[in-house]
Amino acid sequence: MVASLLDGKSCSADVEAALVGRINNCIDAGIKPHLAVVIVGNDPASHVYVGAKIRACQRLGIKSTHIELPEETLELELRKIISDLNVDENVHGILIQSPLPEHMNEESLTDMIDPSKDVDGFHPVNLGRLVQSRDDCLIPCTPNGVMRLLEWAGIETKGKTALVIGRSRNVGMPQAILLASKGVDATVTIGHSRTQDMESQCLGADIIIAAVGRPNVIKKSWIKPGAVVVDVGINRVDDDKSEKGYVLVGDVEKSAKEVASWITPVPGGVGPMTVAMLMENTVAAAEQKI
Ligand code: NAP
């Protein structure tokens, strides 16, 4: 078996196309959707991700403000910027790119963001509403993007066993909640670094969502034939032969495509979906102001 591709580039293009009319409606109503992206420090991968988010805004006619701060910025200074963005009526979405420098408390800074502008969906108000299955929350972009990709490919989730590997607040935990929610109806197991016998857990899963952050940690031989594999991991691995000096590798061995029914490429799978869902959250936040 060779797996079909869960093509995040095509799916995200469809998501973006569906946003055009909504953006025009906002503009007609005098509201130009506006995303503010704040990045602190020099983490190269973070700058690449922010670049992709700003380019998506430009593609769609969403206004973006890109605030770049040096590594040594004080937490107090960032708090002031968030406070100003919270009260700026022309800003609809605020994204603080993770990770922040170690001297900053990421959680308490997230808590400061006005939940109605929290387009990352990490604020406790939004995560709490997600747990309550309410439709008035901004859902974290990566797990929401994974759900959209499954739906787009027509993959059945009802009654299927799903294994989410990773339990972070931004990916694994909300992913598990979304898969278990009414209407999606998967039976979900959450794996993490203390899980014993991950191989058996994987072999029992119809759907595997890997969000670990370790290259090739999930082996081809662990995949049940015909399973759906969504590889969220993006890992930089040194490679002298590559022009950049590194290559991007997922959490799942690439050869898993020989066993799975569907699989995401890395890159070009979940990454573009994350950006598309950020655009959708920004538009949804702007629509609240009409
Ligand atoms: P994270 O906060 O570091 O969480 C990683 C999770 O993996 C933790 O729950 C950890 O368990 C678990 N884990 C670590 N080693 C493990 C192992 N050997 N076996 C099983 N579980 C293990 O990372 P994250 O923010 O969720 O991101 C995960 C990956 O997704 C990263 O590669 C990141 O770059 C990528 N990512 C991609 C996108 C995208 O758009 N494609 C977006 C976000 C993140 P413990 O809880 O026990 O420590």
The FRET efficiency for residue 1 and residue 87, from their Cβ-Cβ distance with R0 = 51 Å and rounded to 0.05, is 0.40
Given N residues in the chain, what is Rg(Cα) / (2.2 N^0.38 Å)? 1.00
Selection of GluC sites (Glu not before Pro), the range 33-108, meeting DSSP coil and at most 16 other Cβ within 10 Å: 71, 72, 89, 102
How much net charge surrounds residue 276 when only the other residues with a Cβ under 9 Å from the Cβ of residue 276 are counted, with Lys and Arg +1 and Asp and Glu -1? -2
Given a Förster radius of 25 Å and the C-beta distance between residue 68 and residue 114 as r, what FRET efficiency does 1/(1 + (r/R0)^6) yield to the nearest 0.05? 0.70
Need one number: nm distance between label points at residue 240 and residue 77, each 7 Å from Cα along Cα→Cβ, rounded to one decimal. 4.0
If you take every DSSP beta bridge whose two residues both sit in the range 153-290, what share of them, in percent to the nearest 5, is antiparallel? 20
For the chain, build the charge dipole from Cβ charges (+1 Lys, Arg; -1 Asp, Glu) around the Cα centre, then report which of 97, 58, 183 sits farthest towards its positive end. 183
Which residue fluctuates most in the GNM of the chain (Cα springs below 10 Å): 248, 138, 278? 248
Most fluctuating of 58, 175, 196 in the GNM of the chain (C-alpha, under 10 Å) is 196
In the range 82-132, what percent of the accessible surface is made up of carbon and sulfur (1.4 Å probe, ligands and nucleic acids excluded)? 48
With T = 25 °C, eta = 0.890 mPa s and Kirkwood Rh from C-alpha pairs, the Stokes-Einstein D of the range 195-290 in µm²/s is about 166
Determine the per residue accessible area of the range 1-126 with all protein chains present and a 1.4 angstrom probe, expressed in square angstrom. 49
Let me check I've understood the local charge: for residue 256, count other residues with C-beta under 11 angstrom from its C-beta, Lys and Arg +1, Asp and Glu -1. What total comes out? +1
Highest GNM mean-square fluctuation among 35, 74, 130, for the chain with Cα springs under 10 Å, belongs to 74
Below 8 Å, C-alpha to C-alpha, sequence gap of six or more: please give me the relative contact order for the range 80-231 in percent. 16
Would you mind estimating how fast the range 36-108 diffuses translationally, via Stokes-Einstein at 37 °C and 0.692 mPa s with the Kirkwood radius over Cα pairs, in µm²/s? 255
Taking all protein chains in place and a 1.4 Å probe, what share, in percent, of the accessible surface of the range 139-199 do carbon and sulfur account for? 49
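The values are calculated or read from the model by the stated rules, or taken from the named source; none is laboratory data. The shown structure was predicted, so the numbers you read here are calculated from the model rather than taken from an experiment. Please note: Cβ atoms are built from the backbone with ideal geometry, for glycine as well, and neighbour counts cover all protein chains shown. Keep in mind that these areas ignore ligands, DNA and RNA; they rest on the heavy atoms of the full protein, side chains included. Shrake-Rupley method; radii C 1.70, N 1.55, O 1.52, S 1.80 Å.
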